[in-house]
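Accompanying notes for the structure given below.
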Amino acid sequence: MQGLFRDPALDRHFTGHSGTITQLRFSPEGSQIATSSLDGSVILWNLKQAARCIRFGSHSSAVYGVSWSPKGNLVASAGHDRTVKIWEPKVRGVSGEFVAHSKPVRSIDFDPTGHMMLTASDDKSVKIWRVAKRQFLSSFSQQTNWVRAAKFSPNGKMIATVSDDKSLRIYDVNTGECTRTFTEEQGAPRQVAWHPWGNMVAVALGCNRIKIFDVGGSQLLQLYVVHSAPVNDVAFHPSGNFLLSGSDDCTIRILDLLEGRPIYTLTGHTGAVNAVGFSQDGEKFATGGNDRQLLVWQSNLHTYDASQFEAKSARLSSSCDTSVASDYQQSNASSTALSNDHSIRIDMRESQAYQSLNKNFQVLDSEHTKLPQTPKSASKSSLPSSGGQPPLSPAKLVSKELDFKTHSTSPRFF
């Protein structure tokens with residue numbers, strides 16, 4: 001490993017949304033990224049050919065969540081209009097839609113087989129649907145406030161939900177039973193992510209914290225207070241050894257879970273970072289937020305070497321990010337978390353990739369895009385409790401049989 005160690009580096013820089021980016025997901029093969037936005041659209045960014053991006057604008061208002069099917073032949077989106085849209089990722093692809101909830105839909109997720117979808121809503125419920133038939137299967141309704149996100153576990157047997165009632169709940173898919181409940185009194189969770197091994201979850205909290213829980217043991221494994229504002233999204237590296245986070249403090253953090261410390265602080269976004277995500281091979285990650293920018297990074301985490309990092313961190317100690325120290329003096333846990341924060345600070349605005357932004361790439365509108373369209377902009381956290389939109393007529397949905405995705409296991413590191 002000597003000589004191979006490299007820091008994360010900005011690879012591509014895209015602008016195209018006219019509103020805040022709310023969610024992003026890499027396609028399974030890693031050649032495209034889907035982003036949802038408050039501007040009412042979903043854009044599929046082609047990382048191999050920037051001139052052939054595709055915009056879907058069928059939602060009548062803000063889009064909050066987007067997801068790829070495991071095979072990559074379908075994209076699903078959900079938003080303030082209470083509907084779920086399912087697309088073939090082509091300019092003239094087949095599109096289906098249905099009204100999923102009585103209030104705005106905050107997130108959407110495919111199960112590992114691609115046969116089922118999971119939706120979470122402001123109506124306090126989480127629902128499972130059969131993709132091919134738009135068929136409602138079951139509901140999970142123990143939450144007492146808006147449900148911000150819901151995710152299938154890697155094996156599809158469990159569901160994790162986070163709600164404004166300050167809870168993280170784990171459900172058994174087969175029985176519908178809530179098997180675990182974790183609460184956070186200091187702030188409501190905003191997003192949840194499953195560890196690749198399926199036995200842990202990370203939660204992004206509105207109280208500036210990140211927590212990692214052992215699902216089977218019902219215990220807190222790790223606590224990080226590395227942001228100075230609410231944390232909006234988290235994502236595990238496919239190896240399970242690193243965690244990516246984005247926050248209202250406009251920074252992105254990369255955490256080394258083996259050492260239990262932050263190792264990189266990435267700056268350059270000029271607004272809150274709402275969405276982060278890794279590609280399936282872990283070679284890239286992407287970030288997006290209120291500044292409407294989509295940034296694609298080379299992670300270089302496969303070259304990470306703790307000893308070389310220590311040496312480089314020591315050399316750069318004078319430029320480490322300690323500007324938020326005063327914000328962390330409110331609790332002993334905060335002070336402890338800050339004490340080992342010798343993260344390397346990287347400002348993407350100084351990179352050649354940022355300065356050489358190609359503003360002339362072409363975004364193609366799909367045949368389902370409504371033009372002209374000027375959806376009302378809305379705050380991410382202060383939207384009306386009811387969508388106020390008339391129900392949409394369900395369109396015929398193409399039936400797809402999707403391949404099962406397996407997930408490898410590795411020894412625990414905690």
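The values are calculated or read from the model by the stated rules, or taken from the named source; none is laboratory data. Since we're looking at a predicted model, the values are computed, not measured. Neighbour counts are summed over all protein chains in view; Cβ atoms, including those assigned to glycine, are modelled from backbone coordinates with ideal geometry. Calculation scope for accessible area: heavy atoms of the full protein, side chains included, ligands and nucleic acids excluded. Shrake-Rupley method; radii C 1.70, N 1.55, O 1.52, S 1.80 Å.
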ask   = Since residue 334 meets every condition but one in (1) surrounded by fewer than 18 Cβ atoms within 10 Å (Cβ to Cβ); (2) at pLDDT below 95; (3) touching a helix residue (DSSP H, G or I) at 6+ places or on another chain (Cβ under 9 Å), which condition does it not meet?
value = (1)
request  = Of the numbered conditions (1) buried (at least 23 other Cβ atoms within 10 Å of the Cβ); (2) part of a loop (DSSP other than H, G, I, E, B), residue 36 fails exactly one; give the number of that condition.
outcome  = (2)
task = Can you give me the number of residues within region 241-264 that are within 17 Å of residue 354 (Cα to Cα) and among the β-branched types (Val, Ile, Thr)?
result = 2
inquiry  = Quick check on region 48-62. Is at least one of its residues part of a strand (DSSP E or B), open to solvent by 20 Å² or more (accessible area, probe 1.4 Å) and either under 21 Å from residue 236 (Cβ atoms) or touching a helix residue (DSSP H, G or I) at 6+ places or on another chain (Cβ under 6 Å) (or both)?
reply    = no
message = Just to be sure I understand, how many residues within region 95-106 are open to solvent by 10 Å² or more (accessible area, probe 1.4 Å), in contact (Cβ under 8 Å) with a residue 60 or more places away in the chain and in a strand (DSSP E or B)?
response = 4
remark   = Out of (1) part of a loop (DSSP other than H, G, I, E, B); (2) surrounded by fewer than 24 Cβ atoms within 10 Å (Cβ to Cβ), the one residue 139 does not meet is (1)
remark   = Note: among 11, 109, just one is farther than 19 Å from residue 366 by Cβ, free of Cβ contacts under 8 Å to residues at least 60 places away in the same chain, in a strand (DSSP E or B) and touching a Leu at 6+ places or on another chain (Cβ under 9 Å), namely 109
query = If we keep just the residues of region 55-71 that are farther than 17 Å from residue 96 by Cβ and out of contact with any Lys or Arg (no Cβ under 7 Å at 6 or more places or on another chain), which is modelled with the highest pLDDT?
reply = 62
note = Residues in region 175-204 that are surrounded by fewer than 18 Cβ atoms within 10 Å (Cβ to Cβ) and more than 20 Å from residue 217 (Cα to Cα) total 3
task = Report yes if some residue within region 116-138 is touching a residue at least 60 places away in the same chain (Cβ under 8 Å) and closer than 20 Å to residue 200 by Cβ; otherwise report no.
result = no
inquiry  = Anything in region 71-94 that is assigned to a strand (DSSP E or B) and of a type in the set (Gly, Ala, Ser)? List them, or say none.
reply    = 76, 77, 78, 79
